[in-house]
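To start, the structure itself, in structure tokens.
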There are 2 protein chains.
Amino acid sequence: MADLGDSVGLTTTHSVQLFDAAHPLVLASGERLDEVVVAYETYGKLNADRSNAVYICHALTGDAHAAGWRPGDRRPGWWETMIGPGKAIDTNRWFVISSNLLGGCQGSTGPSSINPATGEPWGLDFPLLDMADFVTVHRALVAHLGIGQLHAVVGGSLGGMQALQWALTYPAELTNAVVIAASSRLTAQNIAFSAVGRQAIMRDENFLGGRFASEQTNPNVGLAIARMMAHITYTSEEGFQSKFGRNPQRAESSPGFGVDFAVEGYLEHQGETFLARFDALSYLYLTRVMDYFDPFAVKNALTAVIDEPVRFLVVSFDSDWRFSTEHSRRIVRHLATGQLPVTFRDIRSPWGHDSFLLKIDSYLNTVRAFLEARSDYRGTSWERS
Amino acid sequence: MADLGDSVGLTTTHSVQLFDAAHPLVLASGERLDEVVVAYETYGKLNADRSNAVYICHALTGDAHAAGWRPGDRRPGWWETMIGPGKAIDTNRWFVISSNLLGGCQGSTGPSSINPATGEPWGLDFPLLDMADFVTVHRALVAHLGIGQLHAVVGGSLGGMQALQWALTYPAELTNAVVIAASSRLTAQNIAFSAVGRQAIMRDENFLGGRFASEQTNPNVGLAIARMMAHITYTSEEGFQSKFGRNPQRAESSPGFGVDFAVEGYLEHQGETFLARFDALSYLYLTRVMDYFDPFAVKNALTAVIDEPVRFLVVSFDSDWRFSTEHSRRIVRHLATGQLPVTFRDIRSPWGHDSFLLKIDSYLNTVRAFLEARSDYRGTSWERS
């Protein structure tokens, strides 16, 4: 990882119970969860006046382990390109907090956790979630860590949507929001891709109405198919073409229905490795939160943030067709109606939606500069490009 | 169908055995099929000098029933927009032949036909097919009908690829080739989408290594998932958005994991109806032919057609992202190296790849004008736009 600069080094995933029967989590739907555990990591040091905290929101299949190495890791955290000493989110300067989402499957409470009322995994009895619920849990973790105000909330894709939600609903608690490769409103095509992935999972013979964990099985076929299909949408046609073209998987083409083209081998690998790290129910719950997310359709959506302006950085990638540049432009247009300070950058990259995870200097430098800019300014200004 | 003009009316699907043990079909791979039946329809009348025949090549999931109505039909043939009295392919003028593909499942021999050697459905023992094999069978049908020279071969998507193959390999047998929304070389992304669809089918618990028919079952889950996913790629994001947006399926949204958005209901319907009309093995075989198709990579690919030039019309649709305009431009560039007469049109349409099936006047008028132009000119000329 030499070209990425120093790593934050060895990291530890912590676990904390933030809600319990005496202090349940009340969801946007009105339903309650009597037990919510959250997995999180932190990097860097909180300064004396507790003013240097940056909260990382992960994407659909991310987790709390955003940077550095845990014992036994074969690769570093998922945002190692972004977070570390001297990196764009500089851990010499910022105290970075990264948590696994409510509804996730990497240490935080989710639909495959045990339902305390039954002693069995929740399955589809787990309540439907809303983007606001993620923010509620993130805020509880921030409070638990004794922090009153965040320097920034930063996220890509679903993570960017959380950052946007947080900024719109609790603007006084963050100074900056970095919304990368995100959307404020999925299109019919966006929903369609997620819907087919969910159907692949739910129609898998081993899904068993969501009770697969209790039955010691797993909807492996459906989950792998969902992942393979989604992965196509995370890469650009251009990126796929330059990486694989029509190259054969082996030295010579072997026509038939097995893996013959290299791109087929790659997708199979993506599907396979995903099974080891992701839960089918989390896939359903988290994708559905994105489908329903539509924050600017809420009445008086901008009222709070107009009163307490947050500085926004909105970033898109020009080859991203999962959440295209137009999705980011729409966010910018909505924020602009409130005369909020918004910087918008459309980054040239051939790698599609996944660009937000990659080492692209113009992108990383943009995030760094934004976070390190004099940040006590809270009026309305224009920094759009 | 009033706005489409007159229909060819009642049609009949014929069936003819074109190859038998004494005259087997020798495939491009060298393998043989001792029994090949082909389903076909014809519209219009063959003229006295047998010079007005137009051959229609269908796309992946098409069949011989391109136009008109068969008894009991709830909708007309799949290219009713294109073929009929007074239409672009005018059955008052042309004798139109449309056949189901070798490897298909609508009356022509395919992998779910009975293997005469075993008395059981072929399954995955059916030989792998090549675009050239389709042409071999089409030519046999033309000969069977007593026709020596075709006025034109016309096809969209996979059908356009067949038209291209035919023109490159047997140019003396056709005067015109109309290649619509096709590709001469799938990209990694194109292959990826088909690969995931095939994986959904082959990993279905009821696929049974391709022996599902013998076991009286069907890989319904995988086939529906493959169709739903593919359908997303046949429509443009713009088309999906204007048709469905974020509209709910019912009067009010009912959040959960069922069909809630209208686009979800549409996809479910697409998957469901597909099961009634298409065979999972045909899906594997026909998509794989497209993956491997790469006619300009063949040595001396243009030699034959340079000797006997065919007039080409190449048509793309500007919102088609399955086989984008660039695919058509590539075909045109290759043909241009042979100084062949090529007309290229990129048609404005918001409906993506499926545009080739729709009533788009500028498109239909282009096809009509091309087919009706003085067609005895066989030299090199340029009609590119």
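The values are calculated or read from the model by the stated rules, or taken from the named source; none is laboratory data. Remember, predicted model here, so these are calculated numbers, not experimental data. Counting neighbours? That spans all protein chains shown, and the Cβs are built from the backbone with ideal geometry, glycine included.
Taking strands (runs of 3 or more DSSP E) that do not extend beyond the stretch A:7-110, which have at least 1 residues that are within 17 Å of the chain's Cα centre (by Cα), modelled with pLDDT of 95 or more and not small (G, A, S)?
Result: A:36-43, A:53-57, A:95-99.
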Seminar exercise, completed: When every residue in the stretch B:132-142 that is closer than 15 Å to B:E31 by Cα and of a type outside the set (D, E) is compared, the one farthest from the other protein chains (Cβ to nearest Cβ) is B:V137
Problem set entry | Single match in B:L124, B:L158, B:L129 (criterion: within 14 Å of chain A (Cβ to nearest Cβ) and within 30 Å of B:E308 (Cβ to Cβ)) | B:L129
Exercise. What is the number of the single condition among (1) out of contact with any Pro (no Cβ under 9 Å at 6 or more places or on another chain); (2) within 30 Å of A:I360 (Cβ to Cβ); (3) touching a residue at least 12 places away in the same chain (Cβ under 8 Å) that A:H65 does not meet?
Worked result: (1)
Seminar exercise, completed: For helices (runs of 4 or more DSSP H) lying entirely in the stretch B:264-371, having 2 or more residues that are under 30 Å from B:L223 (Cα atoms) and touching an Asp or Glu at 6+ places or on another chain (Cβ under 8 Å) picks out B:280-292, B:325-336
Seminar exercise, completed: In the stretch A:222-237, anything under 15 Å from B:Q189 (Cα atoms) and within 9 Å of chain B (Cβ to nearest Cβ) is listed as A:M228, A:M229, A:H231, A:I232, A:T235, A:S236, A:E237
For this session: Among what's in the stretch A:179-195 and is hydroxyl-bearing (S, T, Y) and more than 10 Å from chain B (Cβ to nearest Cβ), pick the residue that is nearest to B:W321 (Cα to Cα).
Result: A:S183
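A:G245 - would you say it is within 16 Å of B:I191 (Cα to Cα), facing chain B (nearest Cβ under 7 Å), part of a loop (DSSP other than H, G, I, E, B) and over 23 Å from the mean Cα position of the chain (by Cα)? Even if it seems obvious, please write down each step before you answer.
On the way: within 16 Å of B:I191 (Cα to Cα): yes; facing chain B (nearest Cβ under 7 Å): yes; part of a loop (DSSP other than H, G, I, E, B): yes; over 23 Å from the mean Cα position of the chain (by Cα): yes.
Answer is yes for this residue.
Would you confirm, using the coordinates I've provided, whether A:L145 is at pLDDT 95 or above, more than 14 Å from every other protein chain (Cβ to nearest Cβ) and crowded, with 21+ Cβ neighbours inside 10 Å?
Spelling it out, it is not the case that A:L145 is at pLDDT 95 or above, more than 14 Å from every other protein chain (Cβ to nearest Cβ) and crowded, with 21+ Cβ neighbours inside 10 Å.
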Seminar exercise, completed: Within the stretch A:162-200, the residues that are among the aliphatic types (A, V, I, L, M) and assigned to a helix (DSSP H, G or I) are A:A163, A:L164, A:A167, A:L168, A:A172, A:A188, A:I191, A:A192, A:A195, A:V196, A:A200
Exercise. If you go through the stretch A:204-213 one residue at a time, do you hit one that is within 17 Å of B:V259 (Cβ to Cβ) and not in a helix (DSSP H, G or I)?
Worked result: yes
For this session: Could you please find all residues in the stretch A:248-263 being more than 9 Å from chain B (Cβ to nearest Cβ), surrounded by 15 or more Cβ atoms within 10 Å (Cβ to Cβ) and part of a loop (DSSP other than H, G, I, E, B)?
Result: A:Q249
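In this structure, does B:N92 turn out to be in the same structural domain as B:T169 (by TED's automatic domain parsing), in contact with a Pro (Cβ under 9 Å, 6 or more places away or on another chain) and free of Cβ contacts under 8 Å to residues at least 60 places away in the same chain?
Against the criterion (in the same structural domain as B:T169 (by TED's automatic domain parsing), in contact with a Pro (Cβ under 9 Å, 6 or more places away or on another chain) and free of Cβ contacts under 8 Å to residues at least 60 places away in the same chain), B:N92 qualifies.
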For this session: Only residues that are among the hydroxyl-bearing types (S, T, Y), surrounded by fewer than 18 Cβ atoms within 10 Å (Cβ to Cβ) and free of Cβ contacts under 8 Å to residues at least 12 places away in the same chain: list them for the stretch B:300-340, please.
Result: B:T303
Exercise. So which residues in the stretch A:299-331 are of a type outside the set (G, A, S) and within 14 Å of chain B (Cβ to nearest Cβ)?
Worked result: A:D320, A:W321, A:R322, A:F323, A:T325, A:E326, A:H327, A:R330
For this session: Only residues that are of a type outside the set (G, A, S) and surrounded by fewer than 18 Cβ atoms within 10 Å (Cβ to Cβ): list them for the stretch A:102-138, please.
Result: A:I114, A:N115, A:P116, A:T118, A:E120, A:L124, A:D125
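Evaluate the following for A:R185: is it modelled with pLDDT of 95 or more, touching a helix residue (DSSP H, G or I) at 6+ places or on another chain (Cβ under 9 Å) and within 17 Å of B:G197 (Cβ to Cβ)?
no
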Problem set entry | Top-ranked residue of the stretch A:264-281 - restricted to ones that are surrounded by 23 or more Cβ atoms within 10 Å (Cβ to Cβ) and closer than 23 Å to A:S113 by Cβ, ranked as farthest from the other protein chains (Cβ to nearest Cβ) | A:D279
Problem set entry | Of residues in the stretch A:196-221 being more than 8 Å from chain B (Cβ to nearest Cβ) and closer than 19 Å to A:E264 by Cβ, the one surrounded by the fewest Cβ atoms within 10 Å (Cβ to Cβ) | A:N220
